[in-house]
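The values are calculated or read from the model by the stated rules, or taken from the named source; none is laboratory data. The model shown is predicted, which means the values in this text are computed figures rather than measured ones. All Cβ positions, even for glycine, are placed from backbone atoms using ideal geometry, and neighbour counts span all protein chains on display.
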Amino acid sequence: MKKAILFSLAAAIFLTGCGSTNTTSKNIKNINQNTSDQFLMGGKISTNEQANITSKVSAKVSEISVDLGSKTNEGDVLIKLDTKDLQGQVDQAQAALNTANANLTNTQNSTRPEQVAEAQSSVSSASQSYETVKKNYDRVQALVNAGAATQQELDSANQQLATADSQYKTAQEQLAMLQNGPTKSSIDVYKAQVIQAQAALKTAQTSLSNAIITAPISGVVNTRNVNVGDTVSPGATLLSIINSSNLYVNAYAPLDIVSQIKEGQEVAVKVSEIPDKQFKGRIAVINSNLNSESRDILVKVSLTDKDSQLKPGMFAEIGLEK
């Protein structure tokens, strides 16, 4: 009788244990199924379109049309630079071209006494102009050395001096050629001077046009490093513009889920800065190279939701939609 009772107890314990094991196994299986429905990847939001706005000339800022957060369209005027010095360079270059053309015309025509007299007057005028500009350059140089003038003012004075020197030498050459009579080589020299003057005018006109800085892309201003009155230098970043309508996330997928994703597949996107909202995305590119250290695969996810709250630099989690 005792043996029968012990046997029944052992059987009951055995059956109870089996039931518990089956239940636990089912629970673990269910948990694995639930967690395998969505695999999270992480990365920062970036944009395919971003532009750093720089100046191509050195000048003072006279006007700024945008501020941080301003929306801009491609071609909109962002910054205007002071054109006083730049316009002066254009005027000087135009005058030099006019002189070169006149010299060529005079050289190609027969020499007359009044032409020689006019050339002598031009030499005298160019000499006086050079001396005046040279004195101004020396004055500005002294002020720069004393810290009372800027390098930009010295550069402008130096350019004016170079122009005056060129005009003086041109006037001297014209007088000498008129006195000696035109030759083929002298005519060729004047033709070359015309070509040089045309190139200088084109350069000056281009610099003047660069005083108006426009937006190369549409987007939003997210960086501003300049104010009205600042003197800007070529190459320095003045503004930055981002286009938030074409955002993506470079995320890293664990190797064990790569077989479950494919290009074009829709995914769910959660952004840490916007916790109460979920966005949609699409896998654009799956990198074929495995990261040897993390054993992850780089996945580029394009954000299909166009939402103004989404901004480059935000951290996003990517998950496979259930």
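A few comments on the model shown:
- Filtered by the rule that a residue be assigned to a strand (DSSP E or B) and either surrounded by fewer than 18 Cβ atoms within 10 Å (Cβ to Cβ) or modelled with pLDDT under 80 (or both), segment 281-295 gives 282, 284, 285, 286, 287, 288, 289, 290.
- Conditions (1) modelled with pLDDT under 80; (2) more than 18 Å from residue 261 (Cβ to Cβ); (3) more than 29 Å from the chain's Cα centre (by Cα); number of the one not met by residue 276: (1)
- Condition met for residue 68 (among the aliphatic types (A, V, I, L, M), at pLDDT below 90 and outside any helix (DSSP H, G or I)): yes
- Residues satisfying the stated conditions in segment 230-260, i.e. assigned to a loop (DSSP other than H, G, I, E, B) and modelled with pLDDT of 85 or more: 230, 233, 235, 236
- Hey, residue 75 at pLDDT 90 or above and either charged (D, E, K, R) or not in a strand (DSSP E or B) (or both) or not: yes
- The number of residues in segment 37-65 that are in a loop (DSSP other than H, G, I, E, B) and closer than 28 Å to residue 283 by Cα comes to 6.
- Pairs meeting the criteria (first residue in segment 95-114 and exposed (fewer than 15 other Cβ atoms within 10 Å of the Cβ), second residue modelled with pLDDT of 85 or more, beta carbons under 9 Å, at least 6 apart or on different chains) are 95/163; 95/167; 98/197; 105/190; 108/190.
One line per residue, one yes/no per condition, for (1) at pLDDT below 90; (2) in contact with a strand residue (DSSP E or B) (Cβ under 9 Å, 6 or more places away or on another chain):
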position: 169; (1), (2): no, no
position: 173; (1), (2): yes, no
position: 187; (1), (2): yes, no
position: 196; (1), (2): no, no
position: 210; (1), (2): no, yes
